[in-house]
Each structure stands twice: as structure tokens, then as C-alpha cells.
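Please treat every number below as a calculation from the coordinates, not as lab data. Keep in mind the model is a prediction, meaning the values are calculated, not measured. Methodologically, a virtual Cβ is constructed for each residue, glycine included, from the backbone with ideal geometry; neighbour enumeration extends over all protein chains shown.
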Amino acid sequence: MNETGREYASALFEIALQDDIRNEVYDSLALVKKVFKMEPRYIDLLMSPAIPSSERKEVLASCFKGQVVEPVMGLLTVLTLNGHIRYIFDVIEAYIVFYRESTKKSDAYVTSAVELSDEQKAKLRDTLIRKTGNKVYMHYKINPKLLGGLIVEVDGVRYDGSLKHRLKEIKEVMEQ
């Protein structure tokens with residue numbers, strides 16, 4: 001996440017708090033992220049200096065007007081007109097951090113080589129709750145390439161306890 005994205009997110013979060021719409025902004029940003037992930041060419045289109053700014057604003061309005069709350073529509077317009085729309089994912093990521101901190105919620109993304117048992121999942125969730133002090137929403141993914149162990153990402157911090165990572169560290173030490 002870059003500083004520009006964080007600054008825009010901070011301003012948006014202040015507006016959301018002031019207007020008591022942080023959940024609505026969060027939902028609107030989720031929609032924006034989904035649209036731009038599905039159609040990454042939209043960002044190129046919105047950044048194109050060959051397209052007049054009035055037309056770029058029309059594209060935004062046709063995509064998002066009535067679908068997102070007004071502060072998010074304003075953000076998209078400002079990002080586009082200032083040539084910063086490429087930072088939209090950084091803005092969304094930073095807003096999510098502000099949102100999670102203010103609501104005492106965290107998302108934990110767990111990648112394991114094999115399916116975890118219910119007991120292992122419960123222990124991991126309890127550990128993360130103690131560590132973050134937040135309610136933790138768990139998201140699990142299996143990646144057999146890890147060989148064993150876990151990778152956990154929560155609140156922007158990555159804990160890599162995978163066997164693949166440990167073997168890589170051993171190799172690096174041996175090569176020195």
C-alpha cells in the first residue's frame with residue numbers, strides 16, 4: 001500500500017465517520033474492487049489522457065452511479081481527474097484497515113498444505129483473537145505446494161510457517 005492511497009483512504013474514512021456511513025462505504029468499495037478486478041482495462045481507460053475528462057466522468061457515472069454511495073463516487077471522480085485511479089486498490093486496502101480497526105474486526109487468510117481439522121481451526125482462531133484483540137473472520141485456502149505448515153495473513157502481517165519457507169531459509173543459510 002502506498003502513501004497516496006493511504007491519504008485518500010484516510011480522507012474517505014473521515015467522511016464516512018462524520019456521515020455515519022462507514023459500512024456503506026465499505027460495501028461500495030467492495031463493489032468497486034470487484035468491478036475493477038473483473039475489468040482491469042477500466043483503469044487504463046480512466047487514466048488515458050487521450051480521452052477527455054468529461055468522457056471519463058461519464059464512464060464512471062455509467063458504471064457506478066446509484067451503485068455506490070456518494071463519497072465513493074466522489075473519490076472515484078477525484079482519483080480519475082487527478083490521474084491517481086491506478087491507486088484505487090491501495091485506497092481500498094487502506095480503508096479496510098481503518099474500517100477493521102474501528103470495528104474491532106480482522107480478516108485472517110490461512111493457507112495450508114492440507115485441510116485443517118475443526119480443532120486446529122478453533123485453536124488458530126483463538127490464538128489470532130488473543131493476538132489481535134479483535135473478532136477474527138477466518139478464510140481458508142489449500143495449497144499443496146506448501147508441503148506442510150501454514151501461512152497466515154492478518155491485519156497486514158504475514159506469518160509464514162510453511163515447510164517450503166523453512167526449507168528456503170535453510171538453503172539460504174547453507175549458501176552463505
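General remarks:
- Averaging the sequence gap over all C-alpha pairs within less than 8 Å and six or more residues apart, then dividing by the number of residues, gives segment 113-176 a relative contact order of 28 percent.
- Model label points for E70 and T127, set 7 angstrom from Cα along the Cα-to-Cβ axis, are 4.8 nm apart.
- Cα-centred dipole magnitude for the chain, charges only on beta-carbon of K, R (+1) and D, E (-1), debye, nearest 20: 560
- Prolate/oblate/rounded call for segment 73-176, Cα gyration tensor, a/c under 1.5 rounded: oblate
- Convex hull volume per residue in cubic angstrom - Cα atoms of the chain: 163
- Working note: 222 nm ellipticity from helices only, DSSP H runs with n ≥ 4, each -39,500 (n - 2.57), summed and divided by the residues of the chain, gives -19500 deg cm²/dmol to the nearest 500.
- Extension gain for S117-S54 works out to 17.2 nm (0.36 nm per residue, less the C-alpha to C-alpha distance).
- Computed over the Cα atoms of segment 3-100, pair by distinct pair, the Kirkwood hydrodynamic radius stands at 13.3 angstrom.
- In this calculation the C-beta distance from D107 to R166 is compared with R0 = 30 Å, giving a FRET efficiency of 0.75.
- Where labels lie 7 Å past Cα in the beta-carbon direction, separation of K34 and L81 in nm: 2.8
- Spatial separation of Cα centroids for segment 109-172 and segment 9-79, in angstrom: 33
- Rough spin-label spacing in nm, given labels placed 7 Å along Cα→Cβ, for D44 and A11: 2.8
- Contour minus Cα-Cα distance for M174 and N143 (0.36 nm per residue): 8.5 nm
- For segment 104-175, size of Cβ-based charge dipole, Lys and Arg +1, Asp and Glu -1, in debye: 200
- Among R86, R22, R130: highest mean-square fluctuation, GNM of the chain, C-alpha pairs under 10 Å: R130
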